[in-house]
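Encoded as structure tokens, the structure appears first; notes follow it.
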Amino acid sequence: MSIYPVRRMRRLRAAESLRSLVRETRLNPGQLVMPLFVRPGWRVREEIPSMPGNYHMSVDRIIEEAVRLEALGVGGILLFGLPEIKDHRASHSAAKHGIVQRAIRGIKKECQRILVITDVCLCAYMEHGHCGVAVREKGDNFRIDNDESVKLLAAMAVSHAQAGADIVAPSDMMDGRVAVMRQALDQNGCKNTPIMSYSAKFASSFYGPFRDAANSAPAFGDRKTYQMDPANGDEALREIEMDIQEGADIVMVKPALPYLDVIWRAKNRFGFPMAAYCVSGEFAMATAAAKMGWADRDAVVMEMLTCIKRAGADIIITYWAKEVAERLHEESAARLQDYRNLPEEMAEGDFQQEDESEEPGDVSGQPQDK
Ligand code: PBG
């Protein structure tokens, strides 16, 4: 490769038109997914204190929101439920008339294009807030039983799919859940429902605001016996590989920004459809910094999401999906408007003609009248 002074990297940075021409990564609304929280009630839209700009919505309000997101061309919504009842068997997780199931049916009635993706996890349905079935060992010690949990998760996925979910997304991190879920879906008339697996989900401290939002913080212990150690990259690839073998259609890394290396390695290794979840703590950092006046919110958001995509994510799950989709459309709408405002035929004098007087018989490309 040639070097300075022949090679000048700044040539292609000189103007936005040049930068745009060589830009490697672009966001588009169809690959953004907006998480939404559905709760019981009617006409309810309550802002979530830990996540400004996000709301707990009743089914009717969620439908409205889905209609808006669909109009914006957002690729999908990711549904989280706040059930009426929590117990130690997460019995409402697979209820035919559970909160998420009702929301799915309502949205599917009004929306044709936007994908309804459902988070499949027991934590919001368990009184103890863990993602699986807790079994008492000796004394006050509990363990989370893998295989019992997987059965409930599979039933939950089937009930979402039967209600009309377009994609089910297990986020529990139990072993083997993708295989069991695939089999259960196939046996229950849902063989074409894709699974988007939270394959490499880390035991992260970036989920704090979400746990307030979903009211799903564990009542005892933590999630480290099932979610991954943030220190492990090779293990993340093994998790992803196993989910692919078990039948996952889309694999996910979560959180996103601190784990770009995992996204990158997985995309390169497997060439599989990849999602990244830019989680509540990432949302909180940017939101709080902007509030303090320490960051330009819009610019930081675009940079974060663009870099997640650059690292290899096809799909980005983000609480900014709606506003980013709006912003992307605003740019192209303004462009289209400028274009449409141009007159059909441009008047003489609209353009400055080059002075050609000195050169008769010129060959500048202007057609000459004979
Ligand atoms: C449920 C679940 C969580 C998130 C998505 N699904 C919480 C957790 O695992 O504790 C986190 C999302 C976010 O922080 O934005 N298991």
More than 25 angstrom apart: percent of Cα pairs within segment 55-190: 27 percent
Suppose the chain between D212 and D355 were pulled fully straight at 0.36 nm per residue; how much longer would it get relative to their current alpha carbon spacing? 44.5 nm
Based on C-alpha coordinates, I'd like the Rg and Dmax of segment 1-66, in Å. 22.8, 68
Residues meeting the amide H criterion for M252 (H placed from the backbone, H to H distance under 5 Å, 5 or more places apart or on another chain) are S197, S199, A200, A275
Once phi is turned into θ = phi - 60°, what whole-Hz ³J(HN,Hα) does the Karplus curve with 6.51, -1.76 and 1.60 give for every residue of segment 314-324, x standing for Gly and Pro? 7, 10, 10, 8, 8, 5, 9, 3, 5, 5, 5
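Nearest 20 debye, what's the magnitude of the dipole of the chain about its Cα centre given +1 on Lys and Arg Cβ and -1 on Asp and Glu Cβ? The partial results should precede the final answer.
On the way: 46 positive and 54 negative charges, 329 e Å.
Using Cβ point charges on Lys, Arg, Asp and Glu, the chain gives about 1580 debye.
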Find me the longest stretch of the chain that has none of the exposed chymotrypsin sites (Phe, Trp or Tyr not before Pro), where exposed means in a DSSP loop (not H, G, I, E or B) with at most 12 other Cβ atoms within 10 Å. 43-219
Suppose the chain between D338 and D296 were pulled fully straight at 0.36 nm per residue; how much longer would it get relative to their current alpha carbon spacing? 12.4 nm
Go through segment 146-158 residue by residue and turn each phi into a ³J(HN,Hα) via Karplus (6.51, -1.76, 1.60, θ = phi - 60°); whole Hz please, and just put x for glycine and proline. 4, 6, 5, 5, 4, 4, 5, 5, 5, 5, 5, 4, 4
At R0 = 45 Å, FRET efficiency that the Cβ-Cβ distance of M346 and M285 yields, to 0.05: 0.35
Enumerate the calculated ³J(HN,Hα) couplings along segment 172-189 in order (Karplus 6.51 cos²θ - 1.76 cosθ + 1.60, θ = phi - 60°), each rounded to whole Hz, writing x wherever the residue is Gly or Pro. 7, 6, 6, 6, x, 5, 5, 4, 5, 5, 4, 5, 5, 4, 4, 6, 10, x
I'd like the antiparallel share, as a percent to the nearest 5, of DSSP beta bridges with both residues in segment 25-340. 20 percent
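Take every Cα pair under 8 Å in segment 25-340 that's 6+ residues apart, average their separations, divide by the length, and report that relative contact order as a whole percent. Don't skip to the end; give the middle numbers.
Values: 651 pairs, mean separation 58.2, N = 316.
Reported as a whole number, the value is 18 percent.
At 0.36 nm per residue, minus the direct Cα-Cα distance, what do H97 and R45 gain on full extension? Give it in nm, one decimal, please.
16.6 nm
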How far apart, in nanometres, would the label points at K138 and R26 be if each is projected 7 angstrom from Cα along the Cα-to-Cβ direction? 6.4 nm
Report relative contact order for segment 225-312 in percent, whole number only (criteria: Cα-Cα under 8 Å, sequence separation at least 6). 27 percent
Once amide H atoms are built 1.01 Å from N in the peptide plane, which residues 5 or more positions from M51, or in another chain, come under 5 Å H to H? none
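So which of K108/K291; K86/K108; K96/K267; K151/K322; K86/K291; K86/K309 end up more than 32 Å apart, counting from Cα to Cα? Walk me through the numbers before you get to the answer.
Values: K108/K291 37 Å; K86/K108 26 Å; K96/K267 37 Å; K151/K322 34 Å; K86/K291 35 Å; K86/K309 37 Å.
With Cα atoms farther than 32 Å apart: K108/K291; K96/K267; K151/K322; K86/K291; K86/K309.
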The chain: proportion of alpha-carbon pairs further apart than 36 angstrom, %: 30 percent
What FRET efficiency, computed as 1/(1 + (r/R0)^6) with R0 = 35 Å and r the Cβ-Cβ distance, is obtained for M9 and E330, rounded to the nearest 0.05? 0.70
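The numbers here are math on the coordinates, done by the rules we state, and not lab data. None of the values given here were measured: they were computed from a predicted structure. Virtual Cβ from ideal backbone geometry, glycine too; neighbours counted across all protein chains shown.
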